[in-house]
Amino acid sequence: LEIGTCIGFSALLMKEACGGKAIIHTLERNPAMIKPARENFEKYDPEKTITMFEGSALETLEKLTEPYDFIFLDAAKGQYPYFLEHIKRLLSPDGILISDNVFFGGYVAKGEPDVRRNRTIVTRLGEYLEKLENISDMHTVLLPISDGVTLSYRMVDEN
């Protein structure tokens, strides 16, 4: 599951990394991104292993029920805490979650935004990281590469 399709590049890379055998669901709400993503999927995914859901990611996540082995989060940064509740429900045991751009240009680490309008994003990303760190059945590491990436592993309950 990919939350935030953009033009489809990540979904196509995931498909390639899985040898074309994975079923990928991707969510995108921005019409300016949907059109080029559809064109890329038509051109580079003739097997139709990638399905894009158009519209609000939160509304789409509410409707999804199947577990996912891998979730890649790269969508609206201010929405990360809200996506997390659905991710916890949808991520399978032994599943992996990767969250991209969690530093938001380094402002999350500093605790303050570059401009006032980014205050909510910085605050919510900090909240997201704190919540993610405190999920009892997930182990998370923060990788200081690019604009910050978290790698989270859902541990199997042995009981």
Across the range 126-155, the tally of residues that are open to solvent by 40 Å² or more (accessible area, probe 1.4 Å) and of a type in the set (A, V, I, L, M) stands at 6
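Could we say that Asp147 is over 17 Å from Tyr82 (Cα atoms), in contact with an Asp or Glu (Cβ under 7 Å, 6 or more places away or on another chain) and outside any strand (DSSP E or B) here?
Values: over 17 Å from Tyr82 (Cα atoms): yes; in contact with an Asp or Glu (Cβ under 7 Å, 6 or more places away or on another chain): no; outside any strand (DSSP E or B): yes.
Here the answer is no, as Asp147 does not meet what is asked.
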When (1) in contact with a His (Cβ under 6 Å, 6 or more places away or on another chain); (2) more than 30 Å from Cys18 (Cβ to Cβ) are applied to Thr120, the one that fails is (1)
Subset of the range 90-109, residues closer than 16 Å to Leu1 by Cα, under 12 Å from the mean Cα position of the chain (by Cα) and either open to solvent by 30 Å² or more (accessible area, probe 1.4 Å) or among the charged types (D, E, K, R) (or both), comes to Ile96, Ile98, Asp100
With the structure loaded, tell me whether Met14 is touching a strand residue (DSSP E or B) at 6+ places or on another chain (Cβ under 7 Å), free of Cβ contacts under 8 Å to residues at least 60 places away in the same chain and open to solvent by less than 60 Å² (accessible area, probe 1.4 Å) or whether it fails that test. yes
Note: among Phe9, Phe41, just one is touching a strand residue (DSSP E or B) at 6+ places or on another chain (Cβ under 6 Å), touching a residue at least 24 places away in the same chain (Cβ under 8 Å) and aromatic (Phe, Trp, Tyr), namely Phe41
Within the range 69-89, residues more than 12 Å from the chain's Cα centre (by Cα), open to solvent by less than 20 Å² (accessible area, probe 1.4 Å) and at pLDDT 95 or above come out as none
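The values are calculated or read from the model by the stated rules, or taken from the named source; none is laboratory data. Quick caveat: nothing in here was measured; it's all calculated off a predicted structure. As a convention, Cβ positions derive from the backbone with ideal geometry for all residues, glycine included, and neighbour counts pool all protein chains shown. Note: accessible area is taken over every heavy atom of the protein model, side chains too, but ligands, DNA and RNA are not part of it. Shrake-Rupley method; radii C 1.70, N 1.55, O 1.52, S 1.80 Å.
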